[in-house]
1. Pairs needed: first member in segment 40-65, of a type outside the set (S, T, N, Q); second member anywhere, at pLDDT below 85 and open to solvent by 100 Å² or more (accessible area, probe 1.4 Å); C-beta distance under 7 Å; at least 6 residues apart or different chains.
2. Among the residues of segment 9-23, how many are modelled with pLDDT under 95 and open to solvent by 80 Å² or more (accessible area, probe 1.4 Å)?
3. Are there any pairs with C-beta distances below 8 angstrom linking a residue in segment 4-15 that is free of Cβ contacts under 8 Å to residues at least 60 places away in the same chain and farther than 13 Å from residue 47 by Cα to a residue that is in a helix (DSSP H, G or I) and of a type in the set (A, V, I, L, M), with the two at least 6 apart or on different chains, and if so which?
Amino acid sequence: MKRFIIVIPIMIIVALVATSVLSKSYSDVPLQTRILIISIGTLLSGVISYFLFQDDVDRISPKKKK
C-alpha cells in the first residue's frame, strides 16, 4: 500500500506531460490516438514504478550498536 503513494503521482505526472507534449508537438495526430498513447504510457509507467519502488525493509542490515 505504501508503494501507491509514489506510483499514483508518477502516473499523474506522466499523463500531464504526455498530454502537453502531444497537444503541442503532435496536434495533427487524431484525438483518439493521442488518448490511447497517453493511457498506455501512464499505465506502463505505473507498472514499472510499482515494481521498481519495492519495500526493501527486510533486506537492510541492522545498525551496529557501539
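The values are calculated or read from the model by the stated rules, or taken from the named source; none is laboratory data. No experiment lies behind these values; they were computed from the predicted model shown. Here the Cβ positions follow ideal geometry from the backbone for every residue, glycine too, while neighbour counts run over all protein chains shown. All accessible areas refer to the heavy atoms of the entire protein, side chains included, with ligands and DNA or RNA removed. Shrake-Rupley method; radii C 1.70, N 1.55, O 1.52, S 1.80 Å.
1. That search, which allows pairs on different chains as well, returns 55/2.
2. Selection size over segment 9-23: 0.
3. Short answer, once both residue conditions are applied: 15/38.
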